[in-house]
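Asker: Right, I'll just put the structure down here and ask away after.
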Amino acid sequence: MDAAGQESFREFVANRSSMLLKTAVLLSGGDRYAAEDLLQDALIKAADRWHRIDDPEAYIRQILYRRQVSRWRLKWPRRELSVAEPPEGTSGGDAPADAELRVVMCGALAQLTARQRTVLVLRYFEDLPEMDVARLLSCSVGTVRSTTHRSLARLRALAPELAAIGPDDSEAWPSRDFSPVEVRT
């Protein structure tokens with residue numbers, strides 16, 4: 001990579017890595033350490049091809065999604081142990097009810113399978129249409145729909161207090177600024 005490419009890559013990482021890390025944390029079920037590994041792998045892969053990448057953020061997000069899919073397709077899945085800790089870097093204006101909702105949401109997300117969590121993150125956090133999720137995960141649109149349906153049903157069963165929030169209460173759901181509870185394995 002030439003000097004201009006290195007500078008461009010460093011600038012991109014400085015500006016976008018925190019947002020990409022939040023996506024990686026959600027994809028990894030709140031496990032910050034696994035998310036950091038996932039993002040680091042994606043950035044290493046992107047650095048090798050930096051001069052050929054037209055849209056770096058989309059390219060790195062696709063690497064994140066595919067690497068996470070590869071992880072949950074492993075023959076021997078890892079066991080996760082959820083440990084609730086205060087979120088790092090909370091924003092100043094959070095009401096206690098919002099903070100409690102985030103903790104409940106993170107706990108429920110951590111109890112979903114990696115596949116269910118990935119589909120929900122792509123559909124609702126990344127706001128991707130079903131067709132794009134299916135393309136990213138190399139499955140059919142029907143599989144995305146059924147997985148989304150089962151994931152939401154399980155999420156509602158794990159955390160009934162989330163069912164009280166309707167789709168019109170979008171400000172009650174965690175935003176892109178959402179800091180998940182760390183999960184250690």
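Bear in mind these aren't lab numbers, they're just calculated from the coordinates by the rules spelled out. Source: prediction; values computed, not measured. Here the Cβ positions follow ideal geometry from the backbone for every residue, glycine too, while neighbour counts run over all protein chains shown.
Asker: Which FRET efficiency value, to the nearest 0.05, is calculated for residue 33 and residue 3 with the Förster distance at 35 angstrom and r the Cβ-Cβ distance?
Answerer: 0.60
Asker: Sticking with this one: Calculate, in nm to one decimal, what residue 44 and residue 18 gain on full extension: separation in residues at 0.36 nm each, minus their alpha carbon distance.
Answerer: Extending this stretch completely gives an extra 7.8 nm.
Asker: Starting from the Cα-Cα distance between residue 157 and residue 100, subtract it from 0.36 nm times their residue separation and give me the gain in nm to one decimal.
Answerer: Full-extension gain reported as 18.8 nm.
Asker: Of 141, 128, 153, which is farthest towards the positive pole of the range 101-160's charge dipole, taken about the Cα centre with +1 and -1 on the beta-carbons of Lys, Arg and Asp, Glu respectively?
Answerer: Farthest along the dipole direction, towards plus: 153.
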